[in-house]
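Here's the structure we're looking at; comments come further down.
Bear in mind that the values in this text are calculations on the coordinates, not laboratory data. Predicted model only: the values in this text are computed from it and were never measured. Positions of Cβ are generated from backbone atoms using ideal geometry, with glycine treated the same way; all protein chains shown enter the neighbour counts.
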């Protein structure tokens, strides 16, 4: 599988996760989001950018608990909840937000 | 990263110790123990993360794995340092975390406390033996 | 707490680390290649004999047999246990630390 953006091709695995983390860009993220039936808003970008920064620093995706805590710090208590995350990413922040952020599919519990 | 399930572990806090004894990359031990530690954090358990023998190399500064085509997971230990900070600062979280390097192992390998990617307590073996004996669950690799 | 050692003392430092990091009185069970530490007249026999003043030492019988070792080959004071005995030790001493 692959994504096509402006005539350039980006390989993905059979579930749509980007193969090369470094090849990610915002246009590609928009395309992946579209496939996931998600319209990217500022709130979505905030989560996606947080995930990328976190992955760059620690080499793994954060636990949902860590993600929620970070969002709470940044955007306030009303947004730092499971419910808020699922409103943004109905099929789960781990699966959908990581895919849009160009990160590998989260494995196991971490 | 698990999405759907929230476990209620309130009141079930145990003392876990993770004993790291192998250098990274040569075998899978180090990575497996690290993953277990991260799960422990999700369940807000007490944790002593201990580096003994060649395990001290897991947190050695300056690792660059590009040429061997493996993930540099020394960076992931930063999460452990962060969890420890959270546990120390937040009175609502009943969670004590310690990151310990055995002094004898460190010195035998010509390393010093500032050679590590995270802040550690350097503890001699006789004292570490006592701490180990007080644990409820020990996971080693 | 009970400590288990499953590596040969002639090849790895597992037994040394176990002895360094176990408190006086905690039992040590030798199994798999670790049983080699229990044999008489080896380069580690002295170390194991000295350890016996601080720790009760057990060795897993089935692993001895598999390696062609009989009770007569085992140093004095070391107790041979079967799988049932292994389970009893763990039940009695709770937490297990495995020196892999």
Of the residues in the range B:118-141, how many are part of a helix (DSSP H, G or I), more than 16 Å from the chain's Cα centre (by Cα) and more than 7 Å from chain C (Cβ to nearest Cβ)? 2
Return the total of residues in the range B:84-117 being without any contact (Cβ under 8 Å) to a residue 24 or more places away in the chain and assigned to a loop (DSSP other than H, G, I, E, B). 5
If residue C:40 satisfies every condition in (1) in contact with a helix residue (DSSP H, G or I) (Cβ under 9 Å, 6 or more places away or on another chain); (2) farther than 22 Å from residue B:132 by Cα; (3) surrounded by 15 or more Cβ atoms within 10 Å (Cβ to Cβ) but one, which is the exception? (3)
I need the full set of residues from the range B:14-39 which are part of a helix (DSSP H, G or I) and over 13 Å from residue C:100 (Cα atoms), in order please. B:31, B:32, B:34, B:35, B:36, B:37, B:38, B:39
Being within 14 Å of another protein chain (Cβ to nearest Cβ), in contact with a helix residue (DSSP H, G or I) (Cβ under 8 Å, 6 or more places away or on another chain) and surrounded by fewer than 18 Cβ atoms within 10 Å (Cβ to Cβ) narrows it down to one of C:28, C:23, so name that one. C:23
Filter the range A:63-101 down to the residues that are at the interface with another protein chain (Cβ under 8 Å from one of its Cβ atoms), over 20 Å from residue A:40 (Cα atoms) and assigned to a loop (DSSP other than H, G, I, E, B) and list them by number. A:63
Which one is surrounded by the most Cβ atoms within 10 Å (Cβ to Cβ) among residues in the range C:72-81 that are without any contact (Cβ under 8 Å) to a residue 24 or more places away in the chain and within 20 Å of residue C:4 (Cβ to Cβ)? C:80
So if I check each of A:67, A:51, A:103, A:75, which one is surrounded by fewer than 17 Cβ atoms within 10 Å (Cβ to Cβ) and either in contact with a strand residue (DSSP E or B) (Cβ under 9 Å, 6 or more places away or on another chain) or closer than 30 Å to residue B:77 by Cβ (or both)? A:75
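Residue by residue, here is whether (1) more than 10 Å from every other protein chain (Cβ to nearest Cβ); (2) buried (at least 17 other Cβ atoms within 10 Å of the Cβ) holds:
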residue	(1), (2)
B:23	yes, yes
B:26	yes, no
B:34	no, yes
B:45	yes, yes
B:49	yes, yes
B:52	no, yes
B:64	yes, no
B:67	yes, no
B:72	no, no
What are the residues in the range B:97-117 that are more than 9 Å from every other protein chain (Cβ to nearest Cβ), closer than 25 Å to residue B:41 by Cβ and crowded, with 17+ Cβ neighbours inside 10 Å, if any? B:97, B:99, B:100, B:101, B:106, B:115, B:116, B:117
